[in-house]
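Q: This is the structure, below, for whatever I ask next.
Here, each number is a calculation from the coordinates, and none is a lab measurement. Given the structure is predicted, the values throughout are model-derived calculations rather than measurements. Don't worry about glycine lacking a Cβ; one is built from the backbone with ideal geometry, like all the others, and counts go over all protein chains shown.
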Amino acid sequence: MEVAESANSLPECCEGAISMHNFSEKILEQVIHFHVMKMRECFFLWVGTTPVLDNLAVAMCSRFDSVPLSTLVLGDTSDTTSNCLAQRLAKKTGKQVFVSYNIPRIESNLTLLIENRIKKEMELLPDKF
């Protein structure tokens, strides 16, 4: 698999500000791009092949339920991929998570491989999320 990576961080004087991290990977013959914007106690994750923002979901943990709360802010309500991914990432990190998943639903296996790649990046570079 091919991997391209770049990261931008702000100086220590700007702690709590937004930091960005980008990475790409070829998955099932498609180059998938990932863009992470880390903020204080939350992060935004964009996933796609082309620069579009077709949907946006947000999820956060609640002390009243073991399943994180989530809602679709922008996009087609019949596509629950962003919502589900945001919920799983919120549960994993304990943070508020914004997800924009912009991959056409061509192959169901692709979504699982993409999520596994995100989790791998979170394990390798936890400070970026």
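Q: By how many nm would the segment from residue 53 to residue 65 lengthen if fully extended, with 0.36 nm per residue of separation less the alpha-carbon distance?
A: Contour length minus Cα-Cα distance gives 1.4 nm.
Q: Of all trypsin sites (Lys or Arg not before Pro) in region 49-129, which ones are in loop regions per DSSP and have a Cβ with at most 11 other Cβ atoms within 10 Å?
A: Passing sites in region 49-129 are 63, 105.
Q: Here's a follow-up. How large is the Rg to Rh ratio of the chain when both quantities use alpha carbon positions and Rh follows Kirkwood?
A: Here Rg/Rh amounts to 0.96.
Q: Which FRET efficiency value, to the nearest 0.05, do you get for residue 42 and residue 109 by plugging their Cβ-Cβ distance into 1/(1 + (r/R0)^6) with R0 = 30 Å?
A: 0.55
Q: Want the number for residue 92 to residue 125: 0.36 nm per residue separation, take away the alpha-carbon distance, what's left?
A: 10.4 nm
Q: Here's a follow-up. Under the Karplus relation 6.51 cos²θ - 1.76 cosθ + 1.60, θ = phi - 60°, what is the ordered set of whole-Hz ³J(HN,Hα) values for region 52-59, x standing for Gly and Pro?
A: 10, 10, 7, 8, 7, 10, 9, 9
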